[in-house]
Each structure stands twice: as C-alpha cells, then as structure tokens.
Amino acid sequence: MTNQEQIKDLVQRKEALKKFLDIDTLQSWISEEERKTEAADFWNDPKEAQKVVKGINAKKTWVTAFADVEQACSDMEVMGEFFDAGEASEEELNEQIALAQKKVEELEFKNMLRGESDRLDAVLSINAGAGGVEAQDWAEMLMRMYIRYAETHNYKVAISNSLDGDGAGIKSVTMQIEGDFAFGYLKSETGVHRLVRVSPFNAQGKRMTSFASVSVTPLVDDTIEVVVDMSRLSWDTFRSGGAGGQNVNKVESGVRLRYQYKDPYTGVEEEILIENTETRDQPKNKENAMRLLRSQLYEREMRHRMEEQAKIKASQKKIEWGSQIRSYVFDDRRVKDHRTNYQTADVNGVMDGKIDEFIKAYLMEFGAEV
C-alpha cells in the first residue's frame, strides 16, 4: 500500500469512527450536562451531582480519544502535503502515518468495549489449583503479573482478601482493580492458567505442571439510576375501605398506579400494578406508590446485573489439565492462549504484566460475544 493509500484509508477509518461514536451528539450532550453543574444548587444533592459528573466524564473519554485520532490524522495529511512538495522526508511521513495508525487502531479496539459493564472497575480473584506449593507459588506469580499490568495502565489496586500458602505463595487472593474499562479489558483473563517449568521446590529438578484459576467480575456501582417514563404511567383513585361509621373514608384517598413496563434488555412488556392506601392523604399515597414503583424497577435492574455476573462465573472451568485458557511454558520460552492461538516468546515480559496483546487478540475474536 502506498503512502497516499495509507493516508486515505486512515482518514476513512477516522470518519467511520466519528459516525459510529456519534461524536457531535456526544459533544452536545456534554455541553448541556456541564451547564447543569454551573447551577448554584448543583451540589445540594451530592449523590445526584456525583452521578452527573461521572456521566460527563464517561462521555468525555470517547470525545477526547476521538480528538486525539482527529489531530493525528490531520498532522498526517499535512505531512503528506509537505512530502509531495519536497519539504518533508519519507521517513518523517512514515512516522506520522504510523502514529495516526496507532491512534486509529487504539480507538477501534476500545470501541469494542461498549457493554454495560465494560467500563466498570474489576474484582479479580486467583485460586491455586492442582500442584501443592508449586501451584501456590504460581498463584502468587499471577497476582504480581496483574498488579504490574494495573500499574502500567495507571489502575488502582486494592487487595481485599488474601490467604497465604503452605510455606510459599498464596492459596487465594481477591483484589479490586479500579480504573476506566478495567473490567472490559480484564474479563478476558477469566479461566485456568497453566504453568510448566522446572520447579525450584523439587529436589530432583523435575519439570512440573501447575494450575491456578482466575475469576474476573465487574464491580457494580452501589447506586443504580432508576428512570420512570412518565408517559407510561397512569393513576386511578378510589375510596379506602374501613370499618364503617365514622371510620368510612368519604374521599378517594386510595391510589392505584399502573405502569406499562418494557424490559430494556428483552423488550417484553407488562403492566406493573401498585395500590396504596397507607394514609388518608392522597398525595402521600401517590408518593408512597411511586416509591414502591422505583423499588420494583431497582430490583429488576439488580436481578439483571446478578444474572449477568452469573453468566460470567458460569464460564469458569474446573482447575485441572485440559481446561486451561493459557499455558506458560518457561523452559520453551513460550506463552500461548489456547482460545486465540496468540503466543509470544517474551515470557519475562508477560510475567511483568505485558499481557495487552493477549487481551487484544481475545477481544478482537470474542469481543462481540462477551
């Protein structure tokens, strides 16, 4: 492919990203939300304010990333013009093309992480499997690998629980890895990891095989936004029942709320019916009915998220031979992912946290399925 063809291809990919990400709409939305933050009473409700700010920052991530791509492509086109005019060398042009290509590919890759939970923090657990002390040492090596990966990507790591091994290593560890798209990237690590090496714990210097399982789940926010579509809501009023005499309710204080609910994940529609006669005050009963409706919607969202986590956990396999997702063979200088067949001879680099290419290969092949 000639330089001009490369430039044209990258510019087209940039425009495709702009259209797919709907950058113009994102920028308009950000501007409107930022105006809300300028209101004098914005921080009167800190919880709601933090939610708004978090939403703005999430959208800005995409706009900023695209701006980097746009700038790199613009610089590339200018360098192409300089080259055509004899004012820049081919080496300078190739450097600019390579930079633009890197930026475009990074955003194309990141664009695969658009699942509901992908941008959340991650909970990563490691459990030593078959292999005794050797497996426990392997589990600790994996822990270090993920900590180094997190540090390289400016993620924050907090170890919430750890169980020491018998003489060396660890039996298990659970850690929270906090940062944008931590779960989206690390979800590819769920499964059994197999180590083959000459064991330092074996007096005969035999080659040993050990296993450890890795589980990665999203760290779900403790607040779920409950949106009530008022166009789907209707009210009936009725007289509350009583014992008769002076206790008979002569006004229609009882309320009946009807909400035409549409499941956002399945599209199934149903009517939610809530009646409330807690007080003789109709406005208070309406308020209570709305509170009950929000509780039901919150519970449905929580149920969906728990089901999603259950699917992730169900993908894990027994910690033994034949179920591994990746093999680390130290003597042969080889690390291979059995799902994608991607492999590298840089064993030391991998154990030092350089697992980006494994993650990329997995998401490129299975990203649409997880």
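The values are calculated or read from the model by the stated rules, or taken from the named source; none is laboratory data. Remember, it's a predicted structure, so these values are computed and weren't measured experimentally. Here the Cβ is made from the backbone with ideal geometry for all residues, glycine too, and neighbour counts use every protein chain on show.
All conditions but one from (1) in contact (Cβ under 8 Å) with a residue 40 or more places away in the chain; (2) surrounded by 17 or more Cβ atoms within 10 Å (Cβ to Cβ); (3) not in a helix (DSSP H, G or I) apply to residue 259; the one that does not is (1). Filtered by the rule that a residue be surrounded by 12 or more Cβ atoms within 10 Å (Cβ to Cβ), at pLDDT 90 or above and of a type in the set (Val, Ile, Thr), region 53-77 gives 53, 56, 63, 69.
Got a number for residues in region 82-92 being surrounded by 11 or more Cβ atoms within 10 Å (Cβ to Cβ) and closer than 21 Å to residue 103 by Cβ? Reasoning before the result, please.
Filtering region 82-92 down to residues surrounded by 11 or more Cβ atoms within 10 Å (Cβ to Cβ) leaves 82-84, 88-89, 92.
Next, only the ones that are closer than 21 Å to residue 103 by Cβ stay: 82-83, 88, 92.
Residues in region 82-92 being surrounded by 11 or more Cβ atoms within 10 Å (Cβ to Cβ) and closer than 21 Å to residue 103 by Cβ: 4 in total.
Taking the numbered list (1) in the same structural domain as residue 191 (by TED's automatic domain parsing); (2) in contact with a helix residue (DSSP H, G or I) (Cβ under 8 Å, 6 or more places away or on another chain) in turn, residue 151 passes all entries but (2). Take residue 42 and decide whether it is outside the structural domain of residue 184 (by TED's automatic domain parsing), aromatic (Phe, Trp, Tyr), without any contact (Cβ under 8 Å) to a residue 24 or more places away in the chain and within 28 Å of residue 179 (Cα to Cα). In short, yes. For residue 114, indicate whether it is of a type in the set (Lys, Arg), part of a loop (DSSP other than H, G, I, E, B) and surrounded by 13 or more Cβ atoms within 10 Å (Cβ to Cβ). Yes.
Annotation note: Cβ proximity below 8 Å between a residue of region 73-101 that is more than 14 Å from residue 4 (Cβ to Cβ) and touching a residue at least 40 places away in the same chain (Cβ under 8 Å) and a residue that is among the polar types (S, T, N, Q) and surrounded by fewer than 19 Cβ atoms within 10 Å (Cβ to Cβ) (sequence gap 6+ or interchain) occurs for 101/6.
Under 30 Å from residue 302 (Cβ atoms), outside the structural domain of residue 74 (by TED's automatic domain parsing), outside any helix (DSSP H, G or I) and not β-branched (Val, Ile, Thr): is that true of residue 167 in this structure? In short, no.
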